[in-house]
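Here is the structure we will look at, set down as structure tokens.
The values are calculated or read from the model by the stated rules, or taken from the named source; none is laboratory data. Since this is a predicted model, take the numbers as computed values, not measurements. Ideal geometry is used to build each Cβ from the backbone, glycine not excepted, and the neighbour counts take in all protein chains shown.
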Amino acid sequence: MAITIKDVAKKAGVSISTVSRVINNSKPVSDDIRQRVMEIIKETGYVPNTVARSLVTKTSKIIGVIVPDMSNIFIGTLLNGIEEVGKMYGYDILLCNSYGGVDEELRYIKVLQSKQVAGIVFMSWKTNKKHVEAIEKTDLPCVYISRNAKDFDVYSVGVSYHDAAYDMTKYLIGKGHEKIAMIRNCPGYKNEESERFKAFKKAMEENDLQVDANLVKVGPSTSESGYNLMQEILNSKNIPDAVFATDDEVAAGVINCILDNGYKVPEDIAVAGFDDTRVSLISRPTITTIRQPIYDIGAVSIRMIIKMIKKEDVGAKKVELPYKLIERKSV
């Protein structure tokens, strides 16, 4: 049977309210009583009910985090930044995995409100008006991490996907590549909605190069998807001299497919990725990619939340962190 606050009070020979004051540090308690209560808590392994505690103190030390796919390498690194910085300031996280479903994301917003969290870090492949309205109704501070969060009047953290994709496309062109395929990793966006596709198209057109619609593919953020989409391109006999994949896992799948079909990377087909996750280093050849400061995006987002909780100045509402083009062996 779980130890309750009543059990601790009985063993310590004090009232329940005294134990509560010790736990919450809400009112003065003599040193000897505080020591006695703390010894009993340690001895019994009593764990305070955080929800009940938040109701008493009118504060919560838990921040809710909603993500679309916990198995994704990018999100794993992001969560490290969120959790480690949260711990530095005495906050724990309550993690919700939505599997990218809008209905599930909306349900988790309500769940987190019912759990009395202090704030929400909301990550989605694509933020929409329903998300923003649902979070506004909770009156909880929130920071968004998504490709299109900048389109809404919300606090957000990320990088300029447009500028990064433009720089990578220009880099490939500068290496002499003209027939460039693009494999995007976010099916929720049409080409005309994708900042990275728009940047890719802009760089190509500025250099009088044609964007071949048959060389633009879209699929999930997996190596399997990259492999299969690249196989479609190779099967068409419309062979590009370079591929820009907007995710390192996708790029790794693209490379495997190219090699399995008897082509060489980068001699026959160059491949570029995006994110600079550990996949880019273990792939052979190693992947030329855009380095996103993934850990920092998570760290900055939860720091912003904590500042909002404490009514401190947050600074800029939309934070864009620097990215870097990393040259390796695949181009």
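Assigned by TED's automatic domain parsing to the domain that holds V121, under 30 Å from K61 (Cα atoms) and at pLDDT 95 or above, is that true of G298?
Working: assigned by TED's automatic domain parsing to the domain that holds V121: yes; under 30 Å from K61 (Cα atoms): yes; at pLDDT 95 or above: yes.
Yes, satisfied.
Inside the range 1-35, can you point out the residues that are under 40 Å from the mean Cα position of the chain (by Cα), of a type in the set (K, R) and part of a helix (DSSP H, G or I)?
Initial filter on the range 1-35 (under 40 Å from the mean Cα position of the chain (by Cα)): 1-5, 19-27.
Imposing the further condition that a residue be of a type in the set (K, R) reduces the set to 21, 27.
The one that is under 40 Å from the mean Cα position of the chain (by Cα), of a type in the set (K, R) and part of a helix (DSSP H, G or I): R21.
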Quiz prompt | Of residues in the range 64-110 being closer than 23 Å to M308 by Cβ and of a type in the set (D, E), the one surrounded by the most Cβ atoms within 10 Å (Cβ to Cβ) | solution = E105
Exercise. Might you check whether a residue that is assigned by TED's automatic domain parsing to the domain that holds L78, of a type in the set (A, V, I, L, M) and surrounded by 24 or more Cβ atoms within 10 Å (Cβ to Cβ) occurs anywhere in the range 303-318?
Key: yes
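Run down D163, D139 and say which single residue is of a type in the set (D, E) and touching a residue at least 12 places away in the same chain (Cβ under 8 Å). I'd like the intermediate steps shown before the answer.
On the way: D139 fails: touching a residue at least 12 places away in the same chain (Cβ under 8 Å).
On inspection, the qualifying residue turns out to be D163.
Okay, residues lined up against (1) within 19 Å of E193 (Cα to Cα); (2) in contact with a Leu (Cβ under 9 Å, 6 or more places away or on another chain); (3) surrounded by fewer than 23 Cβ atoms within 10 Å (Cβ to Cβ):
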residue: F122; (1), (2), (3): no, no, no
residue: W125; (1), (2), (3): yes, no, yes
residue: N128; (1), (2), (3): yes, no, yes
residue: A134; (1), (2), (3): no, yes, yes
residue: K137; (1), (2), (3): no, no, yes
residue: V143; (1), (2), (3): no, no, no
residue: K150; (1), (2), (3): yes, no, yes
residue: D153; (1), (2), (3): yes, no, yes
Practice problem: Please go through the range 234-255 and pick out each residue that is farther than 21 Å from K170 by Cα and surrounded by fewer than 24 Cβ atoms within 10 Å (Cβ to Cβ). | Solution: L234, N235, S236, K237, N238
Practice problem: Could you identify the single residue in E249, E232, E267 that is assigned to a loop (DSSP other than H, G, I, E, B) and charged (D, E, K, R)? | Solution: E267
